[in-house]
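To start, the structure under review is shown below, and the notes come after it.
The values are calculated or read from the model by the stated rules, or taken from the named source; none is laboratory data. Everything quoted here is computed from the prediction, not taken from an experiment. Here Cβ is always computed from backbone atoms with ideal geometry, including for glycine, and neighbour counts include all displayed protein chains.
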Amino acid sequence: MTDITASSPASGSARLGVLLMLLGMVMFSLNDVLGKWLVATYSVGQLMLIRSIAALIVLAPFFWRVGWRRLVEVDRPKLHFLRSGLFAIEASAFYFSVAYMPLADAMTYWLAAPIYVAALSPMMLGEKVGWRRWTAILVGFLGVVIALEPSRDTFTLPALIALTGSLAFGLAMVLGRSLRAAPDTTLVFWQIAGAAIFAGIWCLVDPAGWAPVSSIDFGFLSLLGIAAMSAHMLVNRSLKLADAATVTPLQYTLLLWAVIFGWLFFGDAPRTAMLVGAAFIVVSGLFIFFREQQLKRRG
């Protein structure tokens, strides 16, 4: 009997979804490499401002089609404002931390964000979390501790900022669940506009941190915002073509690319403690995700 499933349109869409997710993760990773390279020359505020303005310009036709009033006049504006502020803090913390630590180390902390979401959801969203997921949350936190290698020498400012940034990312994701009824375009607009305002205030407070920008570097700084938005679009399209349970775990390939690109471009050798901690975090995050998918199917 001929197997028609392998050649069905649904199967083809799923394969395309997997490919787009993997491509999106490569785009994110290359964007991180570019950011780490640029932040060695330019301040985080300057990088964030040019990056955000470029993204707003590229996405302006989409915003115009939706209508500016629909983007600004939203339900629960305070939550939108808080979410955009958290994303601005998260992005700033990431660029600051990668200036002083290997990409793989920073990415390990950021991969813990789903663990924070699971831990905060009962308090902030009233969601019920059973003992299995609480166990996975504890395992994930153990992974963060292992990766951090607690000692007087490792609690450095970059490490603490990385932890703060990953926590801000987790909080923003929790708020995203509260705002899931809002259109994606509205969420993206508030996120980018919030980053631009945050960075603009940063640059006004610290004008000495603004460095002259060559035309080539201006193009690279603009590419940061464009590449990040392109990666987001690839991920969103992937989730529409394939089941979340199929493509979401592929986001952990970010860590693999961080190790490869960190070694290739910056000569960063991965620490044993980071790899062990990352393994705990990845296993914990995957368990939490698949457990939530299982509970949704039951519901």
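Annotations for the structure displayed:
- Of all residues in the stretch 37-91 being touching a residue at least 12 places away in the same chain (Cβ under 8 Å) and among the aromatic types (Phe, Trp, Tyr), the one that is surrounded by the most Cβ atoms within 10 Å (Cβ to Cβ): 87
- Residue satisfying all of: in the stretch 218-227; crowded, with 16+ Cβ neighbours inside 10 Å and of a type outside the set (Phe, Trp, Tyr); nearest to residue 81 (Cα to Cα) among these: 225
- Hits in the stretch 228-269 - residues which are modelled with pLDDT under 90, surrounded by 17 or more Cβ atoms within 10 Å (Cβ to Cβ) and over 17 Å from the mean Cα position of the chain (by Cα): 241, 242
- Only one of 140, 209, 200 that is among the small types (Gly, Ala, Ser), at pLDDT below 90 and surrounded by fewer than 20 Cβ atoms within 10 Å (Cβ to Cβ): 209
- Residues that are over 17 Å from residue 227 (Cβ atoms), of a type in the set (Ser, Thr, Tyr) and part of a helix (DSSP H, G or I) within the stretch 38-85 comprise just one, 84.
- The residues of the stretch 179-212 that are β-branched (Val, Ile, Thr) and more than 15 Å from residue 52 (Cβ to Cβ), listed by number, are 185, 186, 205.
- The residues of the stretch 260-278 that are outside any helix (DSSP H, G or I) and among the small types (Gly, Ala, Ser), listed by number, are 267, 269.
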